[in-house]
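Each remark here refers to the structure printed beneath this line.
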Amino acid sequence: MKAGGKVLRLTPDLALARAARTFLTEAAVRCPKCDSTFIKREPAFIHCRHCGKLARIANVPLEVQELYELRSGLRIAS
């Protein structure tokens with residue numbers, strides 16, 4: 001271990017704060033990573049066709065995304 005290193009305690013509050021930074025608050029018209037407008041809007045994600053970034057939209061249940069993937073043929077029903 002490196003001398004003078006910093007140790008962070010993983011608390012639920014810290015985990016929620018970190019997760020909140022990774023979610024988009026609303027559907028965007030540009031990619032948050034490369035600023036491209038070549039994106040595809042899915043129910044719970046924004047998928048950038050330029051750089052491949054998959055950004056999650058907050059407050060959208062993943063069940064909606066799963067149903068979208070099953071109906072569009074992206075996944076086989078299991």
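The values are calculated or read from the model by the stated rules, or taken from the named source; none is laboratory data. Keep in mind the model is a prediction, meaning the values are calculated, not measured. Cβ: placed from backbone, ideal geometry, glycine included. Neighbour counts: every protein chain shown. Protein only, heavy atoms only, side chains kept; ligands, DNA and RNA dropped before computing areas. Shrake-Rupley method; radii C 1.70, N 1.55, O 1.52, S 1.80 Å.
Using only alpha carbon pairs under 8 Å that are at least six residues apart, calculate the relative contact order of the chain and give it in whole percent.
Working: 84 pairs, mean separation 16.6, N = 78.
In percent, rounded to a whole number, it is 21.
With the full set of protein chains in place, find how many percent of the accessible area of the chain is carbon and sulfur; take the probe as 1.4 Å.
Numbers: 3660 of 6500 Å².
Result for the chain: 56 percent of the exposed heavy-atom area is carbon or sulfur.
Using only DSSP helix segments of four residues or longer, with each worth -39500 (n - 2.57), what per-residue ellipticity at 222 nm results for the chain after dividing by its residue count and rounding to 500?
-8500 deg cm²/dmol
Multiplying the sequence separation of residue 33 and residue 6 by 0.36 nm and subtracting their Cα-Cα distance, what value in nm do you get? Spell out each step's value before the answer.
Working: separation 27, 0.36 × 27 = 9.72 nm, distance 2.77 nm.
So the extension gain works out to 6.9 nm.
Using the Cα centre of the chain as the reference point, and only Cβ charges (+1 on K/R, -1 on D/E), how large is the resulting charge dipole? Debye, rounded to the nearest 20.
That gives the chain a dipole magnitude of about 420 debye.
Under a 1.4 Å probe, what is the accessible area of the chain per residue, stated in Å²? Mind dumping the intermediate values first?
On the way: 6500 Å² over 78 residues.
That works out to 83 Å² for each residue.
Keeping every protein chain in place, order 40, 6 by accessible area at 1.4 Å, biggest value first, i.e. largest first.
Heavy-atom accessible area, descending, gives 6, 40.
On the full set of protein chains, 1.4 Å probe, figure out the accessible area of residue 35 and give it in Å² to the nearest 10.
90
What residues qualify as long-range amide H neighbours of residue 57, i.e. H under 5 Å apart, gap of 5 or more or another chain, H built at 1.01 Å from N?
24, 45, 46
Could you give each residue of the range 28-44 its phi-based ³J(HN,Hα) in whole Hz, using Karplus coefficients 6.51, -1.76, 1.60 with θ = phi - 60°, and x for Gly or Pro?
For the range 28-44, the Karplus-derived couplings read 9, 9, 10, 5, x, 8, 10, 6, 7, 9, 8, 10, 10, 8, 10, x, 10 Hz, x marking Gly and Pro.
Return, for the Cα atoms of the chain, the radius of gyration and Dmax in Å, separated by a comma.
Reported Rg and Dmax, both Å: 16.7, 53.
What spacing in nm lies between the two simple spin-label points modelled at residue 51 and residue 24, each 7 Å away from Cα in the Cβ direction?
Taking the simple label geometry, residue 51 and residue 24 are separated by 1.3 nm.
Using only protein heavy atoms and a 1.4 Å probe, report how much of residue 26 is accessible, in Å² to the nearest 10.
Its accessible surface works out to 130 Å², give or take rounding.
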